[in-house]
Amino acid sequence: MKAINRRQAFALGGGFVMLTLMPMAADAEVTNDAAKWIEKFTAGKQPAKGKISLDLPEIAENGNTVPLSINIESPMTAVSYVTDVMIIADGNPNAGVATLSFTPLSGKAEASIRIRLAATQNVVAIAKMSDGSLFTEQKTVKVTIGGCGG
């Protein structure tokens, strides 16, 4: 058996690492999972249009920081209030952007956040009410500079 030097050992180890990671890289191909996020959040129920006011720019010059404001019409009482809101960007590699939780003590069901968008895409908001009803709103944002690896 021939002895190998340190340089050859590092090259052999690097080749082994590359061979083991290549199948993982092929499996890591990014697929959009918006439908999966929506299905999980809504439990298969179809959300109705209305009650949500979604404020986003029509054109975002930089996808790294896109302002989003959301307001959901609700009395926010112990009997009737917004429990959760999910924000989904259907063109991002990972579609689930944010989940916001509210209680009657929140007073108002509204929030302002900044999100990242990879490219021009639809941003969807789904609100879950305390009685189990669901509401949705959607807006398209044109992104000139990508934020998620664009």
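Being among the β-branched types (V, I, T) and farther than 16 Å from N64 by Cβ: is that true of T144 here?
No.
Just checking: which of the strands (runs of 3 or more DSSP E) contained wholly in the stretch 61-150 hold 1 or more residues that are farther than 19 Å from A35 by Cα and basic (K, R)?
109-115, 134-143
Residues to consider are T65, T99; find the one that is touching a strand residue (DSSP E or B) at 6+ places or on another chain (Cβ under 7 Å) and either at pLDDT 95 or above or among the charged types (D, E, K, R) (or both).
Values: T65 fails: either at pLDDT 95 or above or among the charged types (D, E, K, R) (or both).
Only one candidate qualifies: T99.
So in the stretch 96-135, with the set limited to residues that are of a type outside the set (A, V, I, L, M, F, W, C) and within 15 Å of the chain's Cα centre (by Cα), which one is surrounded by the fewest Cβ atoms within 10 Å (Cβ to Cβ)?
Per the stated criteria, the residue is R114.
Considering only the stretch 70-94, how many residues are touching an Asp or Glu at 6+ places or on another chain (Cβ under 9 Å) and either of a type in the set (S, T, Y) or surrounded by fewer than 20 Cβ atoms within 10 Å (Cβ to Cβ) (or both)?
So the answer is 5.
Mind checking which pairs have a first residue in the stretch 112-125 that is within 22 Å of D84 (Cβ to Cβ) and a second that is outside any strand (DSSP E or B) and hydroxyl-bearing (S, T, Y), Cβ under 6 Å, 6 or more apart or different chains?
R114/T65
Yes/no per residue for (1) farther than 13 Å from M129 by Cα; (2) within 13 Å of the chain's Cα centre (by Cα); (3) at pLDDT below 95; (4) of a type in the set (S, T, Y):
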{"site": "I4", "(1), (2), (3), (4)": "yes, no, yes, no"}
{"site": "G15", "(1), (2), (3), (4)": "yes, no, yes, no"}
{"site": "V30", "(1), (2), (3), (4)": "yes, no, yes, no"}
{"site": "T42", "(1), (2), (3), (4)": "no, no, no, yes"}
{"site": "S53", "(1), (2), (3), (4)": "yes, no, no, yes"}
{"site": "M76", "(1), (2), (3), (4)": "no, no, no, no"}
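The values are calculated or read from the model by the stated rules, or taken from the named source; none is laboratory data. Everything quoted here is computed from the prediction, not taken from an experiment. So basically every Cβ, Gly included, is an ideal-geometry build from the backbone, and we count neighbours across all protein chains shown.
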